[in-house]
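The values are calculated or read from the model by the stated rules, or taken from the named source; none is laboratory data. What you see is a predicted model; the values in this text were computed from it and never measured. Cβ: placed from backbone, ideal geometry, glycine included. Neighbour counts: every protein chain shown.
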Amino acid sequence: MIRFVNKAAEATFGHSAANLAGMNLSDLVAEIEIGSASGKLSEFSYKTSQATGIGKDGENFPIEISVGEYVLENEKKYICTVRNNTDKEQMEQRLRQSQKMEAVGQLAGGIAHDFNNVLTVILGNMELARESINKQQYSSAHERLKLAEEGAQRAAQFTRRLLIFSQRDIQAPKILNIADVIHSSVQLIATIIPENIVIRTELLKSEDVRVDFNQLQQVIINLIINARDALPNGGTIVIELSNRHLDQNYVDAHPDAKVGDYVLLSVSDDGTGIDPSISDRIFEPFFSTKEAGKGTGLGLATVYSVITGWQGHVSVYSEPGRGTTLRAYLPVTEFEGRQNIEAAQPPYDLTNPLQGCVLVCEDDIDVRRLLVALLSESGLNVLESTNAADALRISNEQGNNIDLLITDVVMPEMNGRELAEKVVADHPMHVLFVSGYTTNIVVHHGIVEEDINFLEKPFSRAQLLQTVRNILEGA
C-alpha cells in the first residue's frame, strides 16, 4: 500500500496525493500483480527497469522504475522512484526513423543499380518476344516472356524489401532466430557493399530472442554499414553469433549490463579503428567522424537505443589502424525448462589450486590488474609486464622458469604474435593469446594462427582459469 507520494508522482499518474495514498502499486504499474506486490517489487530492486505506468484515466505510458528496500521498526519498507519516459521514447522513435531513412537512401542507391539491370532484362526480353511473335516463333516468344516475368518478380522483391525496411516502427516483438535475420540483412545490403569488401558469417546455434524483426534488421544493417565505412580500401567484415552468459564480474566493470544469458551478435572489421579519445562518444546521437554530408551520426546511436530498449547491452573494442568489434547482447527468451547457459558449462573447481609461473603482458592497466589478481588468487606465481619490450626483459631474466606467457594480441610497437615468437625461441613455454577481437577476425588478419590457445574478452574467472589449467596440464 502506498503511504506517501511527492508532487512529481501526482503529475505523472494524474491522481492527487490524497487519492494516491492508500492505493496499491499494482494500480499504477502494470507489471506489479495484485496480491503479490512484495514478490514483484523485488524484481525492480536496486536497478532501473522499463515498465508500463497506468494513468488516472486508464491510459498506459512507458516508465522507468527503481525500487529501494529498507527496514523501519522491524517492518520492510520500499521507496519507488518512477520516471515518465513518454518524451524519451518518442524522441528515440524519431531518432530511429531518421536514421532508418538515411540507411534507406543508401539502400535505394544500390537497389536502383540492380533495378536498372532488371529493367534492362525485362525490356530487352519483351522486345525480343514481340519480334518472335511477329515471326510466329511462339516457342521463343514464350521463353522470352518467361524471362521477362522472372525479371519483374525480382524487381518486386527489391521494392518489397525497401518498403519493409522504410516503414514506420509498429513494433511487433516475436520469437526470432537471429541467424535468419542476419542472412536476410546481408542479402538486402549486398548492393551497397563494394567488391573489395568480403562479408563472412560465423553463426553458431543460438538461443531464441523475442524482438521486433524490422528493428533487429535495422540494427544489423547499421552495424554492417558502420564496418563498411571503416574499410575505405577494402577488407573483411565478420558477423558472428553465439550464446553468452554475463556474470557479476562483467557487470561490475560494465554497470549498464545485467547478469544473465544473452545471444551475442558481433560485427568486426579490420579497418581504420576508433581513436580512444572518442570511443566513449560513438553511441551519442549526431556524433560522427565522417566527412560532412557522408553521415548523420545516427547509425550507432540507433543500435544503442534499440538494444538497450530490449534490456540488452552494447560494447565496443577497437584499435586504431587495426579494426573494430561491436557487440550487441540480446537477452535470451525465457521459457519453462530452459537450461541456463552458465549451467550448461561444467563448473570450475576453485578449491584446486594451480601451480606454475605465468608472465602476463597486457598494455591496458585495468585488464592487466584483473589478470594478475585472478591468476595470483589461483595459486600461480605471476609476473607482469606493460609492453612487449618489458616482457622480453623479464623473460630473459627468468630464463626457463616461466611456464606460460599470457599476452594481448594487439599492442603498440610489437604485437602478441611477434612477442611470442621471440620469447619462445629463447625460452620454450606455453602461450595464451587474449584479445577484445573475436577469434575469426584475428586469425583472418594474420595476427595469430588457427589452432592456437586463444581467449576472447570479456571472459569470466572460470573461463580464464580453466583455459590456463588445460594448457598447463596438457588437456
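On the basis of being out of contact with any strand residue (DSSP E or B) (no Cβ under 6 Å at 6 or more places or on another chain), modelled with pLDDT under 80 and among the basic types (Lys, Arg), does LYS258 make the cut?
When the stated conditions are applied, LYS258 does not pass them.
Return the total of residues in segment 414-427 being part of a loop (DSSP other than H, G, I, E, B) and either among the β-branched types (Val, Ile, Thr) or farther than 13 Å from LEU392 by Cα (or both).
0
Give me the pairs, please: first residue somewhere in segment 182-193 and hydrophobic (A, V, I, L, M, F, W, C), second residue anywhere and surrounded by fewer than 15 Cβ atoms within 10 Å (Cβ to Cβ), beta-carbon distance under 8 Å, and either six or more positions apart or on two chains.
ILE182/THR201; VAL186/THR201; ILE192/GLY109
Among the strands (runs of 3 or more DSSP E) confined wholly to segment 324-410, which include 1 or more residues that are at pLDDT 90 or above and within 27 Å of GLY271 (Cα to Cα)?
Output list reads 357-361, 404-408.
Hey, could you check segment 175-190 for residues that are part of a helix (DSSP H, G or I) and not hydrophobic (A, V, I, L, M, F, W, C) and say which is farthest from the chain's Cα centre (by Cα)? Steps first, please.
In the first step, residues of segment 175-190 are kept if they are part of a helix (DSSP H, G or I); the result is 178-190.
Within this subset, residues satisfying the condition of being not hydrophobic (A, V, I, L, M, F, W, C) are 180, 183-185, 187.
Working: ASP180: 17, HIS183: 17, SER184: 18, SER185: 16, GLN187: 20 Å.
Per the stated criteria, the residue is GLN187.
Of the residues that sit in segment 57-77 and are more than 30 Å from the chain's Cα centre (by Cα) and either among the aromatic types (Phe, Trp, Tyr) or on the phi > 0 side of the Ramachandran plot (or both), which one is surrounded by the most Cβ atoms within 10 Å (Cβ to Cβ)?
TYR70
Would you mention how many residues in segment 304-331 are without any contact (Cβ under 8 Å) to a residue 60 or more places away in the chain and on the phi > 0 side of the Ramachandran plot?
The total comes to 1.
Collect the residues in segment 225-268 that are acidic (Asp, Glu) and in contact (Cβ under 8 Å) with a residue 60 or more places away in the chain, keeping them in residue-number order.
ASP229, GLU240, ASP247, ASP261
State all residues of segment 191-217 that are touching a strand residue (DSSP E or B) at 6+ places or on another chain (Cβ under 9 Å) and in a helix (DSSP H, G or I); if no residue qualifies, say none.
The answer is PHE213, LEU216.
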